[in-house]
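The values are calculated or read from the model by the stated rules, or taken from the named source; none is laboratory data. Predicted model only: the values in this text are computed from it and were never measured. Cβ: placed from backbone, ideal geometry, glycine included. Neighbour counts: every protein chain shown.
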Amino acid sequence: MADYFAMDSRQCAQELDSLRKIYEEYAAKGLKLDMSRGKPAPDQLDLSMDLLTITDYKGETGIDSRNYGNLEGMPEARRFFADILGAQPDEVIVGGNSSLNMMYYLIDLGWRLGFADSPAAWNACGRPKFLCPAPGYDRHFRVTEYFGFELIAVPMLPTGPDMDCVEALVKDEAVKGIWCVPLYSNPDGYSYSDETVRRLAAMKTAAPDFKIMWDNAYCVHHLTDTHDVILNMLEECRKAGHEDRALMFCSLSKVTFPGAGVAAMAASRRNIDYILKNMFPMIISFDKLNQVRHIRFLKDMDGLAAHMEKHRALLEPKFRAVLAILDEGLSGCGSIARWTKPNGGYFLSLYTLGGCAKRTVQLCREAGVVLTDAGAAYPYGVDPQDSNIRIAPTFPPLDELETASRLLCVCVRIATLEKLLQRQ
Ligand code: PMP
């Protein structure tokens with residue numbers, strides 16, 4: 001391998017030729033591999049099968065979890081999630097299986113009615129706007145797009161969203177909130193620095209009811225011994241005199257079962273009271289049986305950490321394999337690509353030369369490897385640089401992941417050479 005930027009057009013064409021031969025060999029294998037969605041693999045789901053043998057339904061205070069009632073969640077579940085989220089139990093609502101569902105509900109609430117600290121419903125201000133650190137989680141962006149917010153991309157840095165940019169944008173009263181995945185962000189795997197958290201909590205916003213959608217989806221999903229640690233957003237907001245600003249979320253989707261876990265949120269008491277009052281017409285109670293079952297199964301923070309170590313044992317080799325193959329397949333070609341090396345979470349980001357991501361994904365797909373669509377991690381699905389590719393190493397078995405990653409390297413190199421030849 002040689003530095004592609006040091007090659008003349010004849011050398012580029014020669015290299016392209018030999019890579020196309022390798023590519024054709026992959027294409028002839030009839031591969032059907034998928035590195036597109038961040039799902040746990042079946043062996044991870046098997047870790048939680050004992051959950052289904054738990055038939056205990058009485059709560060610790062005698063609540064019969066089979067019945068209606070306790071919209072706020074079982075007391076032991078509120079305590080468990082309070083520990084995870086860093087809040088008090090009475091600042092927590094334990095919901096159904098999906099935190100995204102809770103986030104959607106709150107965006108809906110803000111849109112239709114506003115919050116306890118809102119002068120008016122968000123949709124009363126013409127076209128409200130929402131900040132989207134990008135690349136970010138496509139489904140966050142989709143929720144706010146669906147309601148009709150204008151999505152404003154904010155560059156994502158290794159320390160979190162570009163705070164100079166955020167602080168300038170929130171001077172606009174139409175900007176109502178920001179999406180955040182603060183620990184092991186989707187897709188870069190970055191964790192917010194203390195300075196970023198403090199600036200988000202303290203910044204002056206023109207909208208008095210500005211909300212931080214603090215989606216701590218990967219809060220216990222470590223992949224190494226050196227866990228990233230972030231500040232507690234609710235606490236920082238409180239210190240800054242903005243305690244109603246933070247809405248924090250997490251779920252057990254990637255702890256037990258994505259389709260049948262338990263989700264929770266935490267916020268100020270004022271927000272929790274307001275949200276429960278507004279949830280009241282929607283539902284009588286969430287699935288408390290599943291809440292009890294999960295607490296019996298995971299027990300406490302030590303039990304949770306021990307369970308997550310089992311996930312780590314299955315996931316770490318997959319991340320390690322992808323990173324080693326990217327290094328082996330791309331590092332020798334000069335700076336044609338860079339990639340993130342997360343300490344946790346479900347994803348990593350590969351950044352190609354500008355204008356090469358879509359072509360890379362297309363080449364992979366045509367040879368039988370499905371990646372997330374290029375641009376998917378940006379508002380409206382458009383990456384202005386056409387550079388980011390989200391890699392989800394968790395679901396495929398290790399051997400398939402290795403094949404897919406090797407093909408990916410070939411495709412990045414082909415796309416880069418095509419681009420360089422166009423430029424020459
Ligand atoms: N937030 C983030 C950042 C995610 O990556 C995901 C799942 N991919 C979710 C939320 C969805 O969580 P839940 O299953 O609790 O709805």
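The condition (being in contact (Cβ under 8 Å) with a residue 60 or more places away in the chain, more than 16 Å from the ligand (Cβ to nearest atom) and either among the acidic types (Asp, Glu) or in contact with a strand residue (DSSP E or B) (Cβ under 6 Å, 6 or more places away or on another chain) (or both)) is satisfied by just one residue among Glu76, Glu60: Glu76.
Does Glu145 satisfy the criteria of being surrounded by fewer than 20 Cβ atoms within 10 Å (Cβ to Cβ) and within 23 Å of Pro182 (Cβ to Cβ)?
Yes, satisfied.
Across the range 358-383, the qualifying residues are those that are assigned to a loop (DSSP other than H, G, I, E, B) and over 19 Å from the mean Cα position of the chain (by Cα), and the one among them that is nearest to His140 (Cα to Cα) is Gly368.
Tell me, yes or no, whether the range 283-290 has at least one residue that is away from the ligand (no atom under 13 Å from the Cβ), without any contact (Cβ under 8 Å) to a residue 24 or more places away in the chain and either in the same structural domain as Asp83 (by TED's automatic domain parsing) or of a type outside the set (A, V, I, L, M, F, W, C) (or both). No, because not a single residue in the range 283-290 is away from the ligand (no atom under 13 Å from the Cβ), without any contact (Cβ under 8 Å) to a residue 24 or more places away in the chain and either in the same structural domain as Asp83 (by TED's automatic domain parsing) or of a type outside the set (A, V, I, L, M, F, W, C) (or both). Mind checking whether some residue in the range 192-211 is among the polar types (S, T, N, Q), within 14 Å of the ligand (Cβ to nearest atom) and touching a Gly at 6+ places or on another chain (Cβ under 8 Å)? There is no residue in the range 192-211 that is among the polar types (S, T, N, Q), within 14 Å of the ligand (Cβ to nearest atom) and touching a Gly at 6+ places or on another chain (Cβ under 8 Å). In the set (1) within 19 Å of the chain's Cα centre (by Cα); (2) closer than 25 Å to Arg238 by Cβ, the condition left unmet by Gly114 is number (1). Scan the range 102-137 residue by residue and report those that are among the aliphatic types (A, V, I, L, M) and in contact (Cβ under 8 Å) with a residue 12 or more places away in the chain. Across the range 102-137, the qualifying residues are Met102, Met103, Leu106, Ile107, Leu109, Leu113, Ala116, Leu131, Ala134. Here Arg365, Arg423, Arg338 are screened, and the one residue that is of a type in the set (D, E, K, R) and modelled with pLDDT under 95 is Arg423. Answer with yes or no whether Ala168 is in a helix (DSSP H, G or I) and in the same structural domain as Ser98 (by TED's automatic domain parsing). Answer is yes for this residue. When His227 is tested against (1) in contact with a strand residue (DSSP E or B) (Cβ under 8 Å, 6 or more places away or on another chain); (2) surrounded by 22 or more Cβ atoms within 10 Å (Cβ to Cβ); (3) not acidic (Asp, Glu), only condition (2) is not met.
Looking at the range 79-112 only, could you name the residues that are away from the ligand (no atom under 16 Å from the Cβ) and not hydrophobic (A, V, I, L, M, F, W, C)? Within the range 79-112, Arg79, Asp83, Gly86, Gln88, Pro89, Asp90, Glu91, Gly110, Arg112 qualify.
Only one of the listed residues (Met49, Met35, Met74) is closer than 30 Å to Ala217 by Cβ, at pLDDT below 95 and among the hydrophobic types (A, V, I, L, M, F, W, C). That residue is Met35. Among the residues of the range 127-138, none qualifies, meaning not one is among the hydroxyl-bearing types (Ser, Thr, Tyr), within 15 Å of the ligand (Cβ to nearest atom), assigned by TED's automatic domain parsing to the domain that holds Met74 and under 25 Å from Arg79 (Cβ atoms).
Please verify whether Tyr57 is in contact with a Lys or Arg (Cβ under 8 Å, 6 or more places away or on another chain) and of a type outside the set (A, V, I, L, M), treating the condition exactly as stated.
Yes: the conditions hold for Tyr57.
Does Leu252 fit the bill of being more than 24 Å from Phe210 (Cα to Cα), of a type outside the set (Phe, Trp, Tyr), within 16 Å of the ligand (Cβ to nearest atom) and at pLDDT 95 or above? The answer is yes for Leu252.
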